[in-house]
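Derivation of every value follows stated rules applied to the coordinates shown; laboratory data play no part. Since we're looking at a predicted model, the values are computed, not measured. Counting neighbours? That spans all protein chains shown, and the Cβs are built from the backbone with ideal geometry, glycine included.
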């Protein structure tokens, strides 16, 4: 009997629009420049789940660019420190921890919120940056998160034109061929440095959400301090960004497959998104409706 695949999920459609979305992000950055962090400001970026990983990525990019001290916090554990500005990322606009965190920000401190859902509570608690064109029907976030990250990268002066071209090239590939080495891997460890370490965490989360895969994520420099022990034939290590010295050699010694491309980590994340669609279909799972997960975490108390 041939395998009966479920209909193409919303996630597949939403993944495919990302190059255009990242071009749109340049306009978002320009239109909201006054609400976004300024050079020299000390800022905090807040989010939950995927939005927290994007917060970490933005913080790394901003500090590496020399724009000032930038902390990233999960909305449920924001530390009280002296900040000049807050930036909040929340797709649904209703996440309880995010709403609570925004209400706790001192009234005199500017704050902006990136959201894709109009008419939601967070938009009334800060300067709204509504990116409704990249809202999603899938519970699993893809284009909203990467467009939020792209907006801040444009704002920080990065030209994403080459990154957009790389993502288009990824989407032009046949995923069954391009991802054959990781399609059925028993386990995948994602690694990266700088902002790519947050992308690694996000990649691992995507596969856990969409198809219940065994994934982990580490700083590339930490991988050899213990996690390498899980590497074995039939498993994979996926590295984002430049490889650390001797990393490929050390990983090869375990028999694990090393997946690595010399492209921007954000474009490489699109390859992971496509793997999510591929593996969920293989398993007969619907990535739009992951087990135990809703679009927004709304707490009762």
Among residues of region 13-50 being under 19 Å from residue 81 (Cα atoms) and out of contact with any helix residue (DSSP H, G or I) (no Cβ under 8 Å at 6 or more places or on another chain), the residue surrounded by the most Cβ atoms within 10 Å (Cβ to Cβ) is 44
Pairing a residue in region 96-121 that is at positive phi with any residue that is part of a helix (DSSP H, G or I), where Cβ atoms lie under 6 Å and the two sit 6 or more apart in sequence or on different chains, gives none
How many residues of region 215-238 are under 19 Å from residue 279 (Cα atoms) and either assigned to a strand (DSSP E or B) or out of contact with any strand residue (DSSP E or B) (no Cβ under 9 Å at 6 or more places or on another chain) (or both)? The answer is 6
Checked region 228-257 for anything closer than 15 Å to residue 186 by Cβ and surrounded by 14 or more Cβ atoms within 10 Å (Cβ to Cβ); matches are 230, 231, 235, 236, 237, 238, 254, 256, 257
Filtering region 188-206 down to residues that are surrounded by fewer than 24 Cβ atoms within 10 Å (Cβ to Cβ), under 21 Å from residue 14 (Cβ atoms) and in contact with a helix residue (DSSP H, G or I) (Cβ under 7 Å, 6 or more places away or on another chain) yields 201, 205
